[in-house]
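Quick notes on the structure that follows.
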Amino acid sequence: MSNVPENAPQHCPGTQSEDAGKASACAGCPNQNVCASGVPAGPDPAIQLIKERLSNVKHKILILSGKGGVGKSTVTSLLGHALAARKPDANVGILDADICGPSQPRVLGVRGEQVHNSGSGWSPVYVTDNLSVMSIGFLLASPDDAVIWRGPKKNGMIKQFLSEVDWGDLDYLLIDTPPGTSDEHLSAAQYLSAAGLSGALVVTTPQEVALLDVRKELHFCRKLGLPVLGVLENMSVFVCPNCNSRSEIFPATTGGARAMCAELGAALVGRLPLDPALARAADTGRDPLAPLADLPASPAVRALHDIADKIVAICEKTSS
Amino acid sequence: MLDYVKQVILVLSGKGGVGKSTVSTQLALTLKERGYKVGLLDIDLCGPSVPYILNLENQNVHQGPDGWIPVYLDKEQRLGVMSIGFLLNSRNDAVVWRGPKKTSMIKQFLEDVCWQELDFLIIDTPPGTSDEHITVMENLRQVPHCGAILVTTPQEVAIEDVRKEVTFCRKTGIRIIGIIENMSGYECPNCSECTNIFSSGGGKSLADISKIPFMGSVPIDPRVGKLAGQGLAAVKELPDSTTSRIFTEIVNQLTDPTTSD
């Protein structure tokens, strides 16, 4: 059927079909009402709005993973710090699209900050001069507050985040997502379709339980036509702080990310070792890459800089 | 709905990757080893892990006269499993669904699976406090014996999300059975030095603050990690491990008639 939009839900009857907006697959589709009304409408006006709002953002990167707890938020914040540290005049923004479990305010050390509204939109919270962040965590009254929302409400929030935050000129916008392949991911990809996404960075850990879900995420990217910048393997090895011997906490029984990437034709951008000092930095919100940080030149920090270099190279190449 | 189920246990966590599926499967296996009839329902639709952990990938769900027949781990049919993983063609397939579709799938799982008589039904959930969780809670409201076990890891980043889950349980009125802290410390296989990779004690302090029973700290044990994919019970294979001791205690608590309601 030619009238089925590319980003439609599975089993979409097609926008011109008699069942448009009435089939079971239409439940939850943001265009259900439009289809049911029979009036052919253009694309969601928000998509155009977001394109204009983000016209000064050079590279937009989604951080994805089918699996939870693999380090999406930590990797996002570290990458944010690394990209901001490369050039003092480069601006980096982080958008936390995890509505039910926002972690960015903590890992960036800006909990309790307030978001201000001005004529030009919501001002993000600045972590350093050139690193800003927006998260639903800033809008909650208490850390105990739970956001118990179903999909459509989460989508509305993400739309607002994309269309109303005044980021200013940005070189990189990193979008941290919750685990899965559902509302938040579809919405982010859909709303950014006109603004243009550079691609997705997929985070995984080495064990098969995690790879299993990450395979699904790669399939999701393919379904949506989202370019995959690469796969990052986190928590690869553990270096004992006492005896410096290396051990695998999450054993890569099936060859880890390397084997999966080879099988599914994705690029592996790097492997980040498990470093308790990094975990602690994330808990306290310190910048582990700051020149005065008490973190020695750990293998994790070196690996991180390598990964940032690779991502910059990929982004520059695709944009030129 | 679920009329023949004596007790329902939800395994929840606001945070992902803390070990909900590992806890769910080990709990189910421990109960099974004790001779109970157990059902395990995986409602993580976007990332089902239970079929892999129990070594049941490539199994199929059949339609019987009374509903869907779960996949049984053993011949005696003491542990039945239902997951969306059994309905997918390939392990690479993604379920790209928005909320309402997930909701109707979960409703089907709760209403249309023929579990027969069960002593325990364990429900493994995805991270968060959204569609899947709201749906399950709404549907379990009529079920009398129902409780939740929260799983967390010790670091602040995880605790923060689990606090939200506590609020969720309180708002929806589900009884919290207790908190399990997973991945507490890691013993270096070379020098036996125990490193608290993800810090320590977070689960205990959360339990104290929220006045919830603390059920124990499970250390990181690669031997237990290796059981994933084989469908083996830690209590049987590694009887000396801390993991096995803690699951035995939890099961004692769950099956003690004086503590359950």
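Overview of values
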read-out: Segment B:221-244: number of residues that are surrounded by fewer than 15 Cβ atoms within 10 Å (Cβ to Cβ), part of a helix (DSSP H, G or I) and free of Cβ contacts under 8 Å to residues at least 12 places away in the same chain; value: 0
read-out: Of all residues making up segment A:189-215, the number that are of a type in the set (D, E, K, R) and open to solvent by less than 10 Å² (accessible area, probe 1.4 Å); value: 2
read-out: Residue in segment B:169-188 that is farthest from residue B:243 (Cα to Cα), counting only those that are at the interface with chain A (Cβ under 7 Å from one of its Cβ atoms) and either without any contact (Cβ under 8 Å) to a residue 12 or more places away in the chain or buried (at least 24 other Cβ atoms within 10 Å of the Cβ) (or both); value: B:171
read-out: Selection status of residue B:150, part of a strand (DSSP E or B), away from chain A (no Cβ under 14 Å) and surrounded by 22 or more Cβ atoms within 10 Å (Cβ to Cβ); value: no
read-out: Pick from segment B:39-78, criterion away from chain A (no Cβ under 14 Å) and surrounded by 22 or more Cβ atoms within 10 Å (Cβ to Cβ), ranking: farthest from residue B:123 (Cα to Cα); value: B:73
read-out: Among (1) crowded, with 19+ Cβ neighbours inside 10 Å; (2) under 29 Å from residue A:280 (Cα atoms), the one test that residue B:191 misses; value: (1)
read-out: Long-range neighbours under 6 Å by Cβ, at least six apart or interchain, first residue more than 16 Å from residue B:96 (Cβ to Cβ) and within 13 Å of chain B (Cβ to nearest Cβ) within segment A:178-204, second open to solvent by 10 Å² or more (accessible area, probe 1.4 Å) and small (Gly, Ala, Ser); value: A:203/A:71
read-out: Criterion violated by residue B:161 - all others in (1) in contact (Cβ under 8 Å) with a residue 24 or more places away in the chain; (2) touching a Phe, Trp or Tyr at 6+ places or on another chain (Cβ under 6 Å); (3) open to solvent by less than 10 Å² (accessible area, probe 1.4 Å) satisfied; value: (2)
read-out: Among (1) within 14 Å of another protein chain (Cβ to nearest Cβ); (2) in contact with an Asp or Glu (Cβ under 7 Å, 6 or more places away or on another chain) - the single one residue B:217 does not satisfy; value: (1)
read-out: Residue check, residue A:249 closer than 20 Å to residue A:70 by Cα, within 12 Å of chain B (Cβ to nearest Cβ) and at pLDDT 85 or above; value: yes
read-out: Which numbered condition residue B:109 fails, given (1) more than 12 Å from chain A (Cβ to nearest Cβ); (2) open to solvent by less than 10 Å² (accessible area, probe 1.4 Å); (3) of a type outside the set (A, V, I, L, M); (4) not in a helix (DSSP H, G or I); value: (4)
read-out: Failed condition for residue A:79, given (1) more than 14 Å from chain B (Cβ to nearest Cβ); (2) within 17 Å of the chain's Cα centre (by Cα); (3) closer than 29 Å to residue A:150 by Cα; (4) part of a helix (DSSP H, G or I); value: (3)
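The values are calculated or read from the model by the stated rules, or taken from the named source; none is laboratory data. On a predicted model such as this, the values are computed, not experimentally measured, just so you know. Neighbour counts are summed over all protein chains in view; Cβ atoms, including those assigned to glycine, are modelled from backbone coordinates with ideal geometry. Heavy atoms of the whole protein, side chains included, go into the accessibility calculation; ligands, DNA and RNA do not. Shrake-Rupley method; radii C 1.70, N 1.55, O 1.52, S 1.80 Å.
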